[in-house]
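Asker: Sharing a structure, written as C-alpha cells. Questions coming.
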Amino acid sequence: MEQTFIMIKPDGVQRGLVGEIISRFEKKGFTLKGLKLLTVEQSFAEKHYEDLSKKPFFPGLVQYIISGPVVAMIWEGKGVVVTGRKIIGATNPSASEPGTIRGDFAIDVGRNVIHGSDSVESANKEIGLWFPEGPTNWQSSLHPWIYE
Ligand SMILES: Nc1ncnc2c1ncn2[C@@H]1O[C@H](COP(=O)(O)OP(=O)(O)OP(=O)(O)O)[C@@H](O)[C@H]1O
C-alpha cells in the first residue's frame, strides 16, 4: 500500500500541534507506520531539501528545520500522498483553505507547520532518508471497516 513521509516542523512541535495533526491523519483512516521525535543536523536538513538548494529562502528554511525537534512519520493508505497534501493545504498558508492544517494553524510560508511528500517517488526517497531502518510492520484491524 502507498506510503508518504510527513514531518511536523519545529513550529508545529513548539505550538503543541502534534496530537491535533496525528489525529487528523488517524481519523481519515490512514495507518501510522513510523514515528519519531528528533532534532536534525544542518547537513541532514540540507539533504532533505536538496531540490530547493538554489532558492533564496534555502538558508532560512534549513535554519528553521534545525531550530528544534521535528516529528517524522510514515503514513500509509490508498492515495495517501495526494490526500495527505490536501489535508496539509497549500504551501503558503495565505492560500491554504480553512479546514486544512496550514489553513487552520499557520500564517507565514516560512512557518507552515508541516511537510508532506509531493509524489510517490519523493515519498520513497524521504522515507529512505528519515527511516533507514524501514517502517514498523503491522496491520491495522480497522482495514475492513475503511476499505471495501
Ligand atoms: N517563499 C518562501 N519563503 C520562505 N520559505 C519558503 C518559501 N517557499 C517555500 N518555503 C518553505 O520551503 C518549504 C518547501 O517548499 P516547497 O516549494 O517544496 O513546498 P511544499 O512542498 O508545499 O512544502 P513541504 O516540502 O515543506 O511540504 C515550504 O514548506 C516552506 O516551509
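The values are calculated or read from the model by the stated rules, or taken from the named source; none is laboratory data. From a predicted model like this one, the values you see are computed outputs, not experimental measurements. Note: ideal-geometry Cβ built from the backbone for every residue, glycine included; neighbour counts use all protein chains shown. These accessible areas exclude ligands, DNA and RNA; they are computed on the full protein's heavy atoms, side chains included. Shrake-Rupley method; radii C 1.70, N 1.55, O 1.52, S 1.80 Å.
Asker: For residue 98, which of the numbered conditions (1) within 11 Å of residue 5 (Cβ to Cβ); (2) open to solvent by 20 Å² or more (accessible area, probe 1.4 Å); (3) more than 14 Å from the ligand (Cβ to nearest atom) fails to hold?
Answerer: The single condition residue 98 does not satisfy is (1).
Asker: Of (1) open to solvent by 100 Å² or more (accessible area, probe 1.4 Å); (2) part of a loop (DSSP other than H, G, I, E, B), residue 37 satisfies all except one. Which?
Answerer: The single condition residue 37 does not satisfy is (2).
Asker: Scan region 55-84 residue by residue and report those that are surrounded by 14 or more Cβ atoms within 10 Å (Cβ to Cβ) and in contact with a Ser or Thr (Cβ under 8 Å, 6 or more places away or on another chain).
Answerer: 66, 69, 70, 74, 75, 76, 77, 80, 81, 84
Asker: Let me ask something additional. For residue 104, state whether it is open to solvent by 30 Å² or more (accessible area, probe 1.4 Å) and either hydrophobic (A, V, I, L, M, F, W, C) or within 12 Å of the ligand (Cβ to nearest atom) (or both).
Answerer: no
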